[in-house]
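Contents: one structure, followed by commentary.
Nothing in this text is a laboratory measurement; each read-out follows from the coordinates by a stated rule. Predicted model, so just to flag it, every value in this text is computed and none were measured. Backbone-built Cβ (ideal geometry, glycine too); neighbour counts: all protein chains shown.
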């Protein structure tokens, strides 16, 4: 899904808010508002897609969209400070103007999963597009179309857990099961303790009529798969998001290919059945 305008041209946006998300300040969530309200309408997306954040004079970086299309008036992106563009962006301020190019890539197949149970599995700051997914699923217009929803999320420490207000609100609902874990016990923590695969093994929903959506570091994705296999999940019911070396977002630069597929253009969302047909490069 690419903008009806020139896909190489970003929409101008203003930084409306910045939230520091981690103790070391390496993660920040940016709320962007479109300068032209009609651009928000043109920026039509679904959970799982990403966009290029364009910083004038610095370049652009591909980042998953953390907001849900059901949340109007803004888009959210959580940015990890790892390079030139992200470092510059971390130093920008509320009110600064930059660009958002997209949306790009294929989303999670939420519309194809109607009538099914869904387990959403997130590790680390890769929770962003899964936060968008759960918000979309729980919206009153969408929630009646799905069965039981389970959300499993783990991070290094309580300070590294993103979107706390959201998942704490979800924990109070009776139509979603929420399991949040940290990797090592700390004083005052009352939730689960352990890596995501271990937590999932403990609470894994039955595979019957259930799809699993996963996003996280490669090691988290790989170690979660055996847990799902043991529970009876088939490869075509395991849906994953990859971020292999994405750069241009349009399949032009060739940096993110896995065999004949381009993660940015043909993904970043793939079923495990699809990936099993490709070289093991993810």
Highest-MSF residue in the chain out of 57, 259, 159 [GNM, Cα springs under 10 Å]: 57
Residues 241, 26, 54, 67 arranged by fewest to most Cβ contacts within 10 Å: 26, 54, 67, 241
Per-residue [θ]222 nm for the chain (sum of -39500 (n - 2.57) over DSSP H runs n ≥ 4, rounded to 500): -6000 deg cm²/dmol
Proxy reagent accessibility, fewest Cβ within 10 Å first, across 137, 130: 137, 130
Overall Cα dimensions of the chain - principal axes, largest extent first, Å: 49, 46, 36
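For segment 85-196, compute the orientation-averaged projected area of the C-alpha convex hull (one quarter of its surface), in nm².
Mean projected area of the Cα convex hull: 9.4 nm².
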Sequence of 270, 32 once ranked by neighbouring C-beta atoms within 10 Å, starting from the fewest: 270, 32
